[in-house]
Amino acid sequence: MFNPRRLSLARMRRRKTARALAEETGLAADTISRLEAGSNAPDETTIEKLSKALGFPVAFFMDADPEDIDTGAVSFRSFSKMSARERDAAISAGSLGLQLSFWVEAKFSLPKPNLLDLSYETNPEAAAISLRQYWGLGERPIGNMLALLETQGVRLFSLSEDTASVNAFSFWRDDKPFVFLNNFKTAESSIYDSAHELGHLVLHKHGDPKETRSAEREANAFASAFLMPAKDVKARVRRPTIETVLTDKARWRVSAMAFAYRLNKLGLLSEWHYKSTCIELGKRGYRLGEPVGIERETSIIWKKVLSQLWSERTTKNDIALSLNLPLDELEGLIWNLAGPEVRPKIGGELRAIK
Amino acid sequence: MEFVHTTLLKEPWDVDRRLNAMTLVHSKLLQIRDVAVNEAANATPFHAANAAGTFSYHHGTWALRDQFAGPDWVVDRSEGVEAIRNDKAKIKVAFCNVDLACDEFHIPQPRTKKGAGVERATSGSLFDDLPQIAPKPTGEWQFYYLMVDECGAAELTRPIVKGGTFTDPLERIFLSNGVDDDSGKPLEDTTDTAIEFEPQIARK
């Protein structure tokens, strides 16, 4: 039976207005509205048209209600620059991600969530220290932020939004933390984004994280302190120069700009020195990218899940089919995060048959 | 001089039965280990060179008392050894950083030389090391160390102290090899490099 909520989801995911979809399908805009409201039931031909225009299989529209995400409880990064359409598209990706997550968890045991609720903590720096202590990280740098999050039970998905407006978002669902990351940014920016989302997950778990400047500032301060612990930075950085900023940032796997900002906050770079450092970094291309950057982090869990499924002869097409999802959506959710090498060798040496 | 057979317990059911008899709790001992290892990770190059071990010792000792001080166990400082004691069971337990724990082919060595007070407390002897038997302790108290190494491996061991180090463990109870399967806790890197993680999954 046709599920009107799935039509809304697919339309939002494709960032189409009802009018645009109507034009593409040759239907009236009112018809689309009535179909989404559930007042009309479409015939087979109409469903085919909708399926073709939206690029979602017919079976997708016949499935159960999609997983709703409470938009008020979602923490978005760079929300202010985001249009409503971009926001809806990202939320829809979150809904599809939940569907995929349930599918995977029915087949695999994943690490249990092990985060602290630090919503009582008013100082993000102290919250970062508390979480580091709880996880036994001490003052040392984190070698792989995504692997750390996955080890502590965070469910990670990629966000295939080819736009800088949506950096990342996160939310809690059934006491499980979910993070969606944009893969079109530099490796350092993605690491920072994931720490920022971690900040939202622990600092704003029970609050209403609707985008407020203070919540963003808190998450940023948390990310900065979590990735670059004050004592470790102070013990290692002496008289920072533009050259040492560019070499030392590698220890904490952060962008040059983020590192310079941290040095300024810790009093290791004066205001004047910080400003001139930022100008120089900008001239060298570090404002828009990371010319000498690190390798992108990938998800270890997705790699393992996909390798295991592949060894059982389950391909990404099979996964997409069982979820009634188009392949591009599935790939958007995980493939960028899992990295290119997810296909293990199957079987062993060839044997002669006598 | 009488001798006794040494024992090594490493199977979970043996370990838990023995710990119950000693009124100790496996999970609490591992929590003490966690506190000690976590605190050691706070050392930076600005701290003194021995800071990691010092942090671990002080907080390990604190956690030992924090976990167990109560009706059965009380703080004990006799012979200058920071420990807890159970008057009824005549057992004392102290915390110690060691080089390597839970390796049955290696006697854990303390990372700081032990003093005469500990030697007396553990009822030392003049005999050389023996593999399967050890000198029977003469004192009425059984003195155990919660031994934790840098990788988080932990054992509860009743050593003999001689010449400032451990010899002839009378009893060794292996608590954890540093990888606690169900804790989800990452393995600690012992060097000053970045910490890496390896999340685990299992097919249902």
Inset, instruction - List the number of the failed condition for residue B:22; all other conditions in (1) at pLDDT below 90; (2) away from chain A (no Cβ under 14 Å); (3) under 24 Å from residue B:177 (Cβ atoms) hold. - result: (1)
Inset, instruction - Return yes or no: is residue B:54 modelled with pLDDT under 90, surrounded by 16 or more Cβ atoms within 10 Å (Cβ to Cβ) and β-branched (Val, Ile, Thr)? - result: no
Legend entry - Single residue of A:101, A:75, A:51 found to be without any contact (Cβ under 8 Å) to a residue 40 or more places away in the chain and hydroxyl-bearing (Ser, Thr, Tyr): A:51
Legend entry - In the range B:1-54, the residues that are among the charged types (D, E, K, R) and either over 21 Å from residue B:68 (Cα atoms) or out of contact with any strand residue (DSSP E or B) (no Cβ under 7 Å at 6 or more places or on another chain) (or both): B:2, B:10, B:11, B:14, B:16, B:17, B:28, B:34, B:39
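Conditions tested, residue by residue: (1) open to solvent by 20 Å² or more (accessible area, probe 1.4 Å); (2) at negative phi; (3) in a helix (DSSP H, G or I).
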site	(1), (2), (3)
A:9	no, yes, yes
A:16	yes, yes, no
A:19	yes, yes, yes
A:27	yes, yes, no
A:31	yes, yes, yes
A:34	yes, yes, yes
A:41	yes, yes, no
A:47	no, yes, yes
A:51	no, yes, yes
Inset, instruction - Consider residue A:213 carefully, then state whether it is of a type in the set (Lys, Arg), over 17 Å from the mean Cα position of the chain (by Cα) and assigned by the TED database to the domain that holds residue A:132. - result: yes
Inset, instruction - Of all residues in the range B:22-69, count the ones that are over 15 Å from the mean Cα position of the chain (by Cα) and closer than 22 Å to residue B:89 by Cα. - result: 3
Inset, instruction - Filter the range B:30-67 for residues that are acidic (Asp, Glu) and within 14 Å of chain A (Cβ to nearest Cβ) and give the result. - result: B:34, B:39
Inset, instruction - State whether one or more residues within the range A:72-93 are at pLDDT below 95, assigned to a helix (DSSP H, G or I) and among the hydroxyl-bearing types (Ser, Thr, Tyr). - result: yes
Legend entry - From A:250, A:235, A:221, residue being open to solvent by 10 Å² or more (accessible area, probe 1.4 Å) and farther than 25 Å from residue A:114 by Cα: A:250
Legend entry - Unique match (being at pLDDT 90 or above, exposed (fewer than 14 other Cβ atoms within 10 Å of the Cβ) and of a type outside the set (S, T, N, Q)) among A:303, A:265, A:283: A:283
Legend entry - Odd one out for residue B:104 among (1) at pLDDT below 70; (2) surrounded by fewer than 20 Cβ atoms within 10 Å (Cβ to Cβ): (1)
Legend entry - Residue in the range A:127-141 that is away from chain B (no Cβ under 14 Å) and modelled with pLDDT of 95 or more present: yes
Inset, instruction - For the range A:145-183, name all the residues that are within 14 Å of chain B (Cβ to nearest Cβ), crowded, with 21+ Cβ neighbours inside 10 Å and assigned to a loop (DSSP other than H, G, I, E, B). - result: A:152, A:154
Inset, instruction - Select from the range A:306-342 the residues that are open to solvent by less than 60 Å² (accessible area, probe 1.4 Å) and outside any helix (DSSP H, G or I) and list them in ascending order. - result: A:314, A:315, A:324, A:325, A:326, A:339, A:342
Legend entry - Residue list for the range A:106-144, restricted to those being crowded, with 20+ Cβ neighbours inside 10 Å, in a helix (DSSP H, G or I) and aliphatic (A, V, I, L, M): A:127, A:128, A:129, A:131
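The values are calculated or read from the model by the stated rules, or taken from the named source; none is laboratory data. What you are looking at is a predicted structure, and each value in this text was computed from that prediction instead of being measured. Cβ atoms come from the backbone with ideal geometry, glycine included; neighbour counts cover every protein chain shown. We work out accessible area using only protein heavy atoms, side chains counted, and drop any ligands, DNA or RNA first. Shrake-Rupley method; radii C 1.70, N 1.55, O 1.52, S 1.80 Å.
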